[in-house]
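Taken together, the values in this text are just the output of simple stated rules run on the coordinates, not laboratory data. The structure displayed is predicted, hence computed values, not measured ones. Ideal geometry is used to build each Cβ from the backbone, glycine not excepted, and the neighbour counts take in all protein chains shown.
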2 protein chains.
Amino acid sequence: MSPRPLSDTLHKLMHAYRRLMLETIREQGIDLPITHIRVLKGICRIEECTAHHIASQMRRDRAQIARVVSELVKNGLIMKVTHPQDRRSQLLEPTEAGLQLRERLDQVEEAVTQRLTSPLTADEIEIFEKIAGRMTEQAALDPTHRPTEKEAG
Amino acid sequence: MSPRPLSDTLHKLMHAYRRLMLETIREQGIDLPITHIRVLKGICRIEECTAHHIASQMRRDRAQIARVVSELVKNGLIMKVTHPQDRRSQLLEPTEAGLQLRERLDQVEEAVTQRLTSPLTADEIEIFEKIAGRMTEQAALDPTHRPTEKEAG
DNA sequence: CGATATTAGTTGATAAAGTCATCTTATTTT
DNA sequence: AAAATAAGATGACTTTATCAACTAATATCG
């Protein structure tokens, strides 16, 4: 088998996953788009989190993140705190409501993941994670820095 | 390891892949969005292809597909031929230009796939494909039809 | 046969998501 | 202090997706 059909595989998986997440989230009565949810999760996870951190970690446009962040603030899920060392910057912190929502989201994600991975063994899941992670890393590398046989190993 | 981080893994991979595909396609001077490209590919692949086939195969809204199809027609990449057995329906067929573009796209996809999978062994790629495929299938199942132990096997 | 339901596809309105350029304000650099 | 840089915000725009309503052709069923 050539690696050609990877494209289709990825696309289908992507959409299947998105669709399922969104469905499940909606079923739970949570009215937030997926990107917002990921940003909230990032903010909960990252210590001393700024919009910049989120943008670069999610590899997204700053404008997009700025908008998402301001909506999360409007929804009372996070707060902006002026950065003590740099007044241009703001620390993003979850509110109590944000933390609570995150717990519910974790449960949804757990459920979706359970469902998607239900036909898989624990080993397979782990393998999948690892392989996917390596592909992502690879994609992030500077393309001008073509790995040659020496480095590609 | 719990299966929890699957969500992040998938998101990152999705975006990395999309980004890389788009970059590479643009570098090649091809000015088509990814969805159009996938539709074109589908039309080239499927015998007796209709918009309906594409929509259900890609699990997309018919409206979206209709629009993409009509743009592909406008670009001279495919033709609509009235279905001989059903005048509601139209067969979608690639033009010569469409076939040529597909060849170039195959090359791009090949290159992107090469790059993404370059740190992987052939075995790993195959495993990844299989696992991803199974997850997609699983996601497509009717959620009300909860597979029990008997069926899930 | 003829009323009704179904299916393929189209179109308009709208939402959602992402991108680009530009602006303000604050901090570094020199 | 002037210039360069960085964080973030905002307006305008593009792309992509979704919904609902519509036309036209076919299928179904009395």
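Numbers for the structure displayed
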item: A:Ser118 paired with B:Gln114, simple spin-label distance in nm, labels 7 Å along Cα-to-beta-carbon; result: 4.1 nm
item: Kirkwood-Stokes translational diffusion coefficient of the protein assembly as shown, alpha-carbon pairs, 10 °C, 1.306 mPa s, µm²/s; result: 74 µm²/s
item: Size of electric dipole in region A:6-139: Cβ of Lys, Arg +1 and of Asp, Glu -1, about Cα centre, debye, nearest 20; result: 620 debye
item: Residue with peak Gaussian network fluctuation, chain A [Cα springs, cutoff 10 Å], from A:Ile43, A:Ile127, A:Ile78; result: A:Ile127
item: Using a 7 Å Cα-to-Cβ projection, A:Gln28 label spacings across copies, nm, ascending; result: 4.0
item: Under-5 Å amide H pairs with B:Met79, H placed in peptide plane, nonlocal only; result: B:Glu93, B:Thr95
item: Calculated log₁₀ intensity ratio I(q)/I(0) where the Debye formula runs over C-alpha points of chain B, q = 0.14 Å⁻¹; result: -0.89
item: Of A:Ile34, A:His11, A:Val112, farthest towards positive along the dipole that unit charges on Lys, Arg, Asp, Glu beta carbons give the protein assembly as shown; result: A:Ile34
item: Chain A, closest residue to the rotation axis toward B, by beta-carbon, whole angstrom; result: A:Met14, 2
item: Residue-by-residue Karplus 3J(HN,Hα) for region A:65-72, coefficients 6.51, -1.76, 1.60, Hz, glycine and proline x; result: 5, 4, 5, 4, 4, 5, 5, 5
item: Label point 7 Å beyond Cα along the C-beta direction, distances from A:Thr82 to other copies (nm, shortest first); result: 7.2
item: Computed label-point distance, nm, for sites A:His52 and B:Thr95 using a 7 Å Cα→Cβ extension; result: 5.0 nm
item: Cleavage-rule hits, GluC sites (Glu not before Pro), region A:1-87, DSSP coil, Cβ neighbours within 10 Å at most 12; result: A:Glu47, A:Glu48
item: Residues of type aspartates and glutamates that B:Lys80 reaches as a straight line, Cα spacing below 17 Å, ignoring anything fewer than 8 places off in the same chain; result: B:Glu47, B:Glu48, B:Glu71, B:Glu93, B:Glu96
item: Estimated FRET transfer efficiency when R0 is 25 angstrom, pair B:Ile30-B:Val73 (beta carbons, to 0.05); result: 0.90
item: Relative contact order of chain B, pairs being alpha-carbon contacts under 8 Å that are 6 or more residues apart, as %; result: 20 percent
item: Label 7 Å beyond Cα on the Cβ vector: B:His15 copy-to-copy distances, nm; result: 2.2
item: Euclidean distance of C-alpha centroids, region A:67-101 and region B:1-52, integer Å; result: 33 Å
item: Whole-Hz ³J(HN,Hα) from phi, Karplus 6.51 cos²θ - 1.76 cosθ + 1.60, for region A:24-39, glycine and proline x; result: 5, 4, 5, 4, 7, x, 8, 10, 10, x, 4, 4, 4, 5, 5, 5
item: 15 Å Cα-Cα reach of A:Lys12 towards aspartates and glutamates, excluding residues that sit fewer than 8 places from it in its own chain; result: B:Asp61, B:Glu129, B:Glu137
